[in-house]
Amino acid sequence: MIEPKTRATRARTLHLNVNGKRVAAKAEPRMLLSDFLRHELGLTGTHVGCEHGVCGCCTILYNGVPIRSCLMLAVQARGSRIVTVEGLANEDGSLHPIQQAFLDCHGLQCGFCTPGFLMATYAFLKEHSALRMTDEEIRVAIAGNLCRCTGYQGIVRAVRQAAQTMKK
Ligand code: FES
Ligand code: FES
């Protein structure tokens, strides 16, 4: 077992950009990025479900690319640009069109999976127009995220509404 003093000695200060702001915080070498975001930066919107890269709850953007933050060490993210679900809403507190769409279309129930779906949808809609996609194609696009509550129908509608709103 590592003594607390040794652990503290091994911690490194990481500098990175999170949701448009420069931050610096300490992380031990084996700390997961998901835990770093939640426990060191207080960004608890990034949820942790499986911690095995299966559920997608912990999805964030890493240098513009959606990743599962439970599969990456915090120290690997040194110097990177991170966007978490807290970075979606506008500064005045109004919801991002994707968040509004999930609300309007009943794309959530318990909400545990929702941050991951929002970030996966955000990454997807940055690269694609879902306007002409079939429901099946949208389902494939969000297939990396699991929801145990909704049956996905509302989520598919939300992705489509968000695509339409963001196109305007
Ligand atoms: S908590 Fe990361 S994929 Fe499930
Ligand atoms: S809303 Fe409960 S797991 Fe998706």
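What follows is calculated from the coordinates using simple rules that are stated; it is not laboratory data. Since the model is a prediction, treat every value here as computed from it, not as a measurement. Heads up, the Cβs are rebuilt from the backbone with ideal geometry, glycines too, and the neighbour counts pull from every protein chain shown.
Brief remarks follow.
- Neighbour cut-off at most 16 other Cβ (10 Å), DSSP loop, trypsin sites (Lys or Arg not before Pro), segment 1-104: ARG30, ARG78
- In percent, rounded to a whole number, the relative contact order of segment 1-157 is 23, using alpha-carbon pairs under 8 Å and six or more apart.
- Separation between Cα centres of segment 33-70 and segment 91-120, rounded to whole Å: 16 Å
- In segment 29-120, GluC sites (Glu not before Pro) in a DSSP loop with at most 13 other beta-carbon atoms within 10 Å: GLU91
- In the chain, lysine pairs closer than 21 Å at Cα, eight or more apart or cross-chain: 4
- The chain: most fluctuating residue of ASN90, ASN19, ASN145 per GNM, C-alpha cutoff 10 Å: ASN90
- With one equal scatterer per alpha carbon and no solvent term, the Debye-computed log10 I(q)/I(0) for the chain at 0.12, 0.19 1/Å reads -0.54, -1.18.
- When the alpha-carbon atoms of segment 1-98 are used, the pair Rg, Dmax equals 14.0, 47 angstrom.
- Label zone at GLU51 (point 7 Å along Cα-to-Cβ), backbone N below 17 Å, segment 70-84: 70-75
- Efficiency of FRET between ASN17 and ASP92 - r from beta-carbon atoms, R0 30 angstrom, step 0.05: 0.90
- Computed over the chain with a Gaussian network model linking Cα atoms closer than 10 Å, the most mobile of CYS57, CYS149, CYS113 is CYS149.
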